[in-house]
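The structure under discussion appears below in the form of structure tokens.
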Amino acid sequence: MVNNIKIFSKKKNLISRNRSSTKYKKYDYLFNEVNERLFERLQLVKRKFQNTLEIGSRTGNTINLFNKKKDIKNIFISDISKEMLLIAKEIQTNKQKIFLTLDEESLPFKNNQFNLVFSNLYLHWSNDVYKVLNEIYRILKPDGLFLCSIFGSETLNELKYSLCDAENKVSKSISPRVSPFLRLQDAGTLLQKVGFQLPVIDKDTIKIFYNDIFSLMKDLKGMGESNSLIERKKTFTTKKLFSVANEIYKKKFSENKKIYATFEILYFIGWSKHSSQQKPMIPGSAKKRLAEALSTKERNV
């Protein structure tokens, strides 16, 4: 089922990413950290990836990591922002690279083209994640790997609370200012619905400290993560609202005179179907009870 509801403005997201491209290296600390954690998972997979697609490459932060993995050959580097990709092109590599600006909701590739699709903290801007996952599954070769990180629903809850509370106090109204993010419990369901085999979902929680709400929002803007919600408030936000929000934030979410922001990171791992993959057992076919297999004793509670 295709979702025709548009939550995010692709145009606004593109403008945000283009504007942040020249100074992005000052604000890419979170993405580099998660990139490393995501790539550690890839290093555990001993497989040759002849054709690899990265969705949401930004300024090429992953290229140096790809260089370290000898079994990755051809790499398609993509992003919605042409300005970011121009910077990525300057990074040297001994692998064949192709740079593409594209919309992840309509991938311009034929079926069964890639052995690996990799994406770090980008798909949260998709209006229809289910459609995107179907597109990714379509372009994967049989037994191809999908590896992804995405912001989870606990991300920036402190900022969301502070802004909503401040707006309610100042103007007696609330407008959406922080993106809705995917819930952990929905992530695995999505992978299974699409048809990914052996799906694994796990998460990290990263807490980052800032001097105040203004330094946090400055960094979010520098990351290219400005509010791109279609229903965002279009009029100018007053300094009073931000000042009130800052006081709320400091009072409720601070440690050692600094505020903190929570980033929940969800990791997706899934494989496209192949006959060689491990098959789940038919329900009721087991010859031993679970307690026996685990060498444990059952206990009534």
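The values are calculated or read from the model by the stated rules, or taken from the named source; none is laboratory data. What you see is a predicted model, and the numbers here were worked out from it, not measured in a lab. Here Cβ is always computed from backbone atoms with ideal geometry, including for glycine, and neighbour counts include all displayed protein chains. For the accessible areas, the whole protein counts, side chains as well, though only heavy atoms, and no ligand, DNA or RNA atoms are used. Shrake-Rupley method; radii C 1.70, N 1.55, O 1.52, S 1.80 Å.
Structural remarks
- Total residues in region 94-136, condition open to solvent by 30 Å² or more (accessible area, probe 1.4 Å), hydroxyl-bearing (S, T, Y) and touching a residue at least 60 places away in the same chain (Cβ under 8 Å): 1
- Qualifying residue in region 254-268 (condition: out of contact with any Gly (no Cβ under 8 Å at 6 or more places or on another chain), modelled with pLDDT under 90 and more than 26 Å from F146 (Cα to Cα)): no
- Options E36, E83; residue that is out of contact with any His (no Cβ under 6 Å at 6 or more places or on another chain), at pLDDT 95 or above, surrounded by fewer than 16 Cβ atoms within 10 Å (Cβ to Cβ) and not in a loop (DSSP other than H, G, I, E, B): E36
- Test: residue in region 148-166 that is open to solvent by less than 10 Å² (accessible area, probe 1.4 Å), within 25 Å of H274 (Cα to Cα), without any contact (Cβ under 8 Å) to a residue 40 or more places away in the chain and not basic (K, R): no
- Within region 39-55, tally of residues that are assigned to a strand (DSSP E or B) and open to solvent by 10 Å² or more (accessible area, probe 1.4 Å): 2
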